[in-house]
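S.K.: Got a structure for you, written out below as structure tokens; questions coming shortly.
No value in this document is a laboratory result; all are computed from the given coordinates. Predicted model only: the values in this text are computed from it and were never measured. For neighbour counting, all protein chains shown are included, and Cβ atoms are generated from backbone atoms with ideal geometry for every residue, glycine included.
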Amino acid sequence: MRSAALALLVGAALGTFDRPAEAEPRTSSLAWVRMPGAEACIDARTLALAVERRLGRVAFVPPTLGEVAIEGRIERSQEAGVWRATIRVFGAGGAAIGSREIEAAQVDCRAIDEPLELVIALLVDPDASLGLPRAAGGPPGNPASPAASAGGGAPGAAVWPAPLPPAAMLPPAAKAAAAPPACPPAPAAPSAPWRVGGAVEAVGGLGLVPGPASVGIGVRAHATPPRGPGFELGGALWASPEVREAPGSPAFSLAYGRLSVCPIEIVRGGTALSGCVGAMLGSLRVEGPAVPSRFRHERLVFDLSLDTRVRRRFVGPLFGAVGLGIAVPTAQDVYFYTDAAGARHDIFQASPVSAILDLGLGLELP
């Protein structure tokens with residue numbers, strides 16, 4: 001049954017093309033294209049080797065040397081849900097000789113390989129003996145003989161159909177339209193947009209200002225490009241509790257701005273994890289009625305920072321964030337004063353490492 005089906009297919013294919021008898025096999029070139037979605041189908045080199053194995057010889061030459069140009073493509077027909085191979089044959093000077101389509105409804109496009117190889121082999125050499133059954137009375141290499149078509153063959157012999165009408169013969173004016181379309185370039189992947197956002201934060205820390213713990217308020221903006229590291233820009237204002245040990249309860253306040261680069265940015269759904277390094281530049285101010293006037297001033301502070309943050313979207317652009325980081329001062333200043341008796345009173349010394357925790361709520365686009 002399979003042999004008869006292949007015979008019918010090849011007979012129909014050959015009936016579409018004009019092929020005068022030739023003393024020697026004509027030279028042919030093969031161009032084969034897998035359309036988008038057909039990348040798993042047979043490739044040009046494998047197809048050419050399979051055809052040459054059937055013919056038992058080298059069959060293909062470069063396009064500039066071929067008397068006949070065979071051009072084909074394979075694609076998935078979305079409407080019919082089948083694999084379709086289209087073959088077109090061009091003669092000398094680019095004149096179209098004809099075309100043929102082969103279809104297979106299987107899920108795997110490799111099911112079309114065998115009939116495709118057979119059809120192309122007989123287009124290359126119509127007189128080749130490929131072991132196919134032929135009708136009685138039909139000469140070798142011409143399975144679609146009139147005797148077979150009329151049913152004059154011996155009982156049990158395979159009957160070949162009459163040649164198909166030359167509906168696929170193309171007029172010269174349609175040559176350009178009939179040429180197999182070039183494989184279109186793969187569409188460029190859409191570029192991911194920048195993500196930008198801002199948040200208001202409640203911040204808490206240890207070691208930045210006097211006291212076991214301090215609280216403050218801050219703002220933070222972030223920008224993440226499609227590729228490369230992200231950036232953060234923000235600031236915070238801290239106020240210490242009163243320093244109980246010192247007379248007159250002096251107080252400290254800290255205000256700073258920060259700039260960070262975030263080489264680590266991992267996004268999964270609505271959650272983003274970032275790791276940032278940066279710098280904090282600000283002013284630490286001390287004041288109080290018992291502090292001598294020479295200590296009532298602001299001092300520049302410059303800290304290096306390292307922190308990690310998790311952002312989670314809730315509804316639309318609204319997100320919540322939690323971050324944990326450390327700050328390392330470039331100078332550990334000591335704040336003190338000397339009373340009337342000459343005794344020194346230390347008020348505060350910057351910690352070698354300070355911890356910062358922040359909780360924020362903000363908006364991010366897109």
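S.K.: Within the set of other residues whose C-beta is less than 15 Å from the C-beta of Val203, count the net charge using Lys and Arg as +1 and Asp and Glu as -1.
M.R.: Values: positive: Arg220, Arg258, Arg309; negative: Glu201, Glu232, Asp303, Asp307, Asp358.
Spelling it out: positives minus negatives among the neighbours equals -2.
S.K.: Sticking with this one: Residue by residue, what Karplus-based ³J(HN,Hα) values in Hz, rounded to whole numbers, does the range 214-229 have, using 6.51, -1.76 and 1.60 with θ = phi - 60° and x for Gly and Pro?
M.R.: Ordered by residue, 3J(HN,Hα) equals 9, 10, x, 10, x, 10, 8, 10, 9, 9, 10, x, x, 9, x, x Hz.
S.K.: Sticking with this structure for a sec: Could you order the peptides 224-231, 60-67 from most to least packed, using the average number of other C-beta atoms within 10 Å per residue? If you can, show how the numbers build up before the last one.
M.R.: Working: 224-231: 14.6, 60-67: 12.8.
By packing density, highest mean first, the sequence is 224-231, 60-67.
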